[in-house]
1. For the structure I just gave you, tell me whether residue 17 is aliphatic (A, V, I, L, M), at pLDDT below 80 and more than 10 Å from the chain's Cα centre (by Cα).
2. Given the residues 68, 33, 53, which is the only one that is modelled with pLDDT of 85 or more and within 16 Å of residue 1 (Cβ to Cβ)?
3. So, in the stretch 77-97, exactly how many residues are over 15 Å from the mean Cα position of the chain (by Cα) and at pLDDT below 95?
4. Restricting attention to the stretch 53-84, report how many residues are surrounded by fewer than 19 Cβ atoms within 10 Å (Cβ to Cβ), among the hydrophobic types (A, V, I, L, M, F, W, C), part of a helix (DSSP H, G or I) and in contact with a Ser or Thr (Cβ under 9 Å, 6 or more places away or on another chain).
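The values are calculated or read from the model by the stated rules, or taken from the named source; none is laboratory data. Quick caveat: nothing in here was measured; it's all calculated off a predicted structure. Here the Cβ is made from the backbone with ideal geometry for all residues, glycine too, and neighbour counts use every protein chain on show.
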Amino acid sequence: MERVHAAKCALASGQLLHASVSRMNQVAVAYQRQGDNLNAAAALTMLLETVARNKLTHAELHVCWGNRSAALMGLGLPAEALADAQKAVAAVEASHP
């Protein structure tokens, strides 16, 4: 996760510093499609931190948790990936009681 934090800091100082949650998601998806798991995880981390900090909600937030889980798995971080996958499941269960 240290690599993800470093990449997040680099993204925060550049293109995602004042980006909307929607834009952060677009950037993360683009990185994932390119196979760049590190920057995808970093962008999704920024997105999820922004959502938490601002107490935002979104019906598709579970997708972000799932996408970050996939990126973390691609980085060889299975424990962190599992934690995010569990958060994705919890988000789905909370929105569909």
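1. It is true that residue 17 is aliphatic (A, V, I, L, M), at pLDDT below 80 and more than 10 Å from the chain's Cα centre (by Cα).
2. After applying the criteria, what remains is 68.
3. Here the count works out to 7.
4. Matching residues across the stretch 53-84 total 2.
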